[in-house]
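First the structure, in the form of structure tokens, and then the observations on it.
The values are calculated or read from the model by the stated rules, or taken from the named source; none is laboratory data. Just so we're clear, the structure is a prediction, and the values are computed from it rather than from any experiment. Positions of Cβ are backbone-derived with ideal geometry, glycine not excepted, and every protein chain shown enters the neighbour counts.
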Amino acid sequence: MSKTPTPLSELFATLKGYVNQLSAGERTPGEVGSALNDWARDSAESIKAKIHEEVEASVAKMGFVKREEFDSLQSRLEKLEATREPSSTKKVKKAEKKSEKKKSSRTTIKKRAASKKEKVAK
């Protein structure tokens, strides 16, 4: 069963390889230094990527959204509300007119009933 190398063991293995190449005369100290800088830069980018992935996964589990997603949804909502606003005010006005008509027809019916009662009473 093979174990995945830990970052620390990977670092020691890399350093050991460079020291062996330097002592064997395969590389100059400048080449080893440059190679170490490149390796450190690559490792830092890899670590940043892993951290980013972990944060993204944790945030998604918690149910949070990214700021960009929130802003996008907010702008979509504002656009929908802007396009819907004129038609919704028309509906409100129509509903108000209908309720006014109902009120006026109710009062007319009440007046008629009252006048019939007066005629019967006379």
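Looking only at region 58-77, residues that are in a helix (DSSP H, G or I), surrounded by 10 or more Cβ atoms within 10 Å (Cβ to Cβ) and not β-branched (Val, Ile, Thr) come to 11 in all.
Scanning region 38-66 for residues that are at pLDDT 90 or above and among the basic types (Lys, Arg) returns LYS48, LYS50, LYS61.
Every residue, every condition in (1) surrounded by 11 or more Cβ atoms within 10 Å (Cβ to Cβ); (2) among the β-branched types (Val, Ile, Thr); (3) within 27 Å of the chain's Cα centre (by Cα), yes or no:
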| site | (1), (2), (3) |
| --- | --- |
| TYR18 | yes, no, no |
| LEU22 | yes, no, no |
| ASP38 | no, no, no |
| GLU45 | no, no, yes |
| ILE51 | no, yes, yes |
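One residue alone among VAL32, VAL55 is part of a helix (DSSP H, G or I), in contact with a Leu (Cβ under 8 Å, 6 or more places away or on another chain) and either aliphatic (A, V, I, L, M) or loosely packed, with under 10 Cβ neighbours inside 10 Å (or both), and that residue is VAL32.
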